[in-house]
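What follows is a short report on a single structure.
Computed from the coordinates by the stated procedures, all read-outs in this text should not be read as laboratory data. Everything quoted here is computed from the prediction, not taken from an experiment. When we count neighbours, we look across all protein chains shown, and the Cβ atoms used for this are built from the backbone with ideal geometry, even at glycine.
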Amino acid sequence: MATVSAVVYDLHKKKDGTYNIKIRIYHKGVRRLIDTSHYVSQRQLDTKFNIKDKFVLNILDETLLKYRRVISEITDKLDLFTVDDLRDHLLGNEKEIDFIEFCDFYIDQLRKEGRNGSANNHRTVRNSLVDYFQKESVLIKEINTNMLNRYMLYLKSDRKLTRINQLKKEVTTSRTGLSRSGLFNHLRDLKTLFNAAVKYITTMISVFTELNIILLKI
C-alpha cells in the first residue's frame, strides 16, 4: 500500500532559515517528494526535524487526508502505478482551474450554440468578478462563502468601473447597485457558471485517471 507523509529535510534549508515542507510518497520501495506552499522555522521542529507546530500539522493533515482518499479510490489498480505515476496522479487531482478562463470557454460555447442572450448574461458575471477581484485570473477555490457575502455587498453598492475599450483606451463608467431581483439573477448565473466548472473538473479528473491507467497497461 502506498503511503504519504509530511517531512522536512535539513538540506532544504533556505537562506532565510526556513524549511519547505514536502509530502513524501512511498510506493513499491521508492520515495518521491511533492513540494508544498508551507514553510517552518527551526523552532517549529524538534531535534529530529519532525514538525511539532500543531497549527501547521492540522493544515498538513487536510492535504494528507485528501491524498489518501485519492489513493484509496485506485487501490485495486495501484499495482499498475510506479511511484512517479502516483505522484503525477496526485498532482493531477490537485490541479486548480482558473475560473475566469473557464467562464470565457463556457461563454464561447453558448455563442456557438446561438444562445447569445445567456452568453451576454454570463459575460456580465464574468466581468463583474474581474472588477471585484481586480485581476484577470481567479482560482475556483477563491469562490467561497466569505467571498460571496462580500461580493453581494459589492454588487448592491454604487461603484465606478474602468474598462479598456476597442480603441485600447481606458473608459470609466458609473454603475448603480443591483436591485433585489437583479442580484438574484446575477447570482443565479454565477451559480450556473460555478456548477458547470465543478462538473468540468470532475469530468477531467475522471478522464485523467482512466487515461493514466490505460497508458500503464500499454
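Remarks
- Sites residue 42 and residue 153 - FRET efficiency at Förster radius 45 Å, r taken between beta-carbons, to 0.05: 0.55
- At 1.306 mPa s and 10 °C, Stokes D of the stretch 3-94 from Kirkwood alpha-carbon radius, µm² per second: 113 µm²/s
- With 0.36 nm allotted per residue and the present C-alpha distance subtracted, the residue 196-residue 184 stretch has 2.5 nm of extension available.
- Above-threshold pairs, the threshold being 23 Å between Cα atoms, out of 168/191; 15/141; 112/191; 14/48: 168/191; 15/141
- Average Cα contact separation per residue, the chain, under 8 Å, 6 or more apart, as relative contact order %: 15 percent
- Stretching the chain fully between residue 120 and residue 142 yields a gain of 5.6 nm (0.36 nm per residue, less the alpha carbon separation).
- Candidate values [x] 24, 22, 15; [y] 41, 25, 15; [z] 33, 19, 17, label of the one derived for semi-axes √(5λ) of the Cα gyration tensor in Å: [y]
- Sorted by Cβ neighbour density within 10 Å, fewest at the top, the residues 181, 157, 128: 181, 157, 128
- Full-stretch length increase - residue 75, residue 33 - with 0.36 nm per residue and alpha-carbon distance subtracted: 13.1 nm
- Inter-label distance, nm, simple model (7 Å from Cα along the C-beta direction), residue 109/residue 1: 3.8 nm
- Along the chain, the exposed loop sites are chymotrypsin sites (Phe, Trp or Tyr not before Pro) outside DSSP states H, G, I, E and B with at most 16 other Cβ atoms within 10 Å, and the longest stretch free of them is 50-218.
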